[in-house]
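What follows is one structure encoded as C-alpha cells, with my remarks underneath.
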Amino acid sequence: MTLTMSRPVMATLFGVIAAFVVLTPLVWLINTRDWGIFLMLLAPFVIYGLIHAGRRLAEWADPPPPPPDDE
C-alpha cells in the first residue's frame, strides 16, 4: 500500500509542524527566563518569517497556471 498525499495536505502539515517547532521554544523561553523578555524583540521577525514560509508553501501547493501562448 502506498501512501500518497496531495500537495495542499502536505503544505498544511509542514506549515503546522514548522510553526509548532519554532514557536513553542520561543514562547517557553519568553515565559520562563528572566532574559526572555528580550526575545520579544525577535518575535515579530520570527512571525514574519513564518508568514513568508506559509506563503511559499501555498505557492508550492497550488502553483499558478502557466501563461497562455500568444501566437
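The values are calculated or read from the model by the stated rules, or taken from the named source; none is laboratory data. Just so it is clear, the structure is predicted and the values come from calculations on it, not from any experiment. Cβ placement follows ideal geometry from the backbone for every residue including glycine, while neighbour counts extend to all protein chains displayed.
Odds and ends about this structure:
- Qualifying residue in the stretch 31-40 (condition: assigned to a helix (DSSP H, G or I), surrounded by fewer than 10 Cβ atoms within 10 Å (Cβ to Cβ) and hydroxyl-bearing (Ser, Thr, Tyr)): yes
- From the options 9, 16, residue that is out of contact with any Asp or Glu (no Cβ under 6 Å at 6 or more places or on another chain), among the β-branched types (Val, Ile, Thr), exposed (fewer than 13 other Cβ atoms within 10 Å of the Cβ) and modelled with pLDDT under 95: 9
- Of all residues making up the stretch 1-49, the number that are under 19 Å from the mean Cα position of the chain (by Cα) and among the hydroxyl-bearing types (Ser, Thr, Tyr): 4
- You will find that of 22, 16, 27, the residue that is touching a residue at least 24 places away in the same chain (Cβ under 8 Å) and among the β-branched types (Val, Ile, Thr) is 22 and no other.
- Cross-chain or 6+ apart pairs with Cβ under 6 Å, the stretch 34-60 first and without any contact (Cβ under 8 Å) to a residue 24 or more places away in the chain, then among the aromatic types (Phe, Trp, Tyr): none
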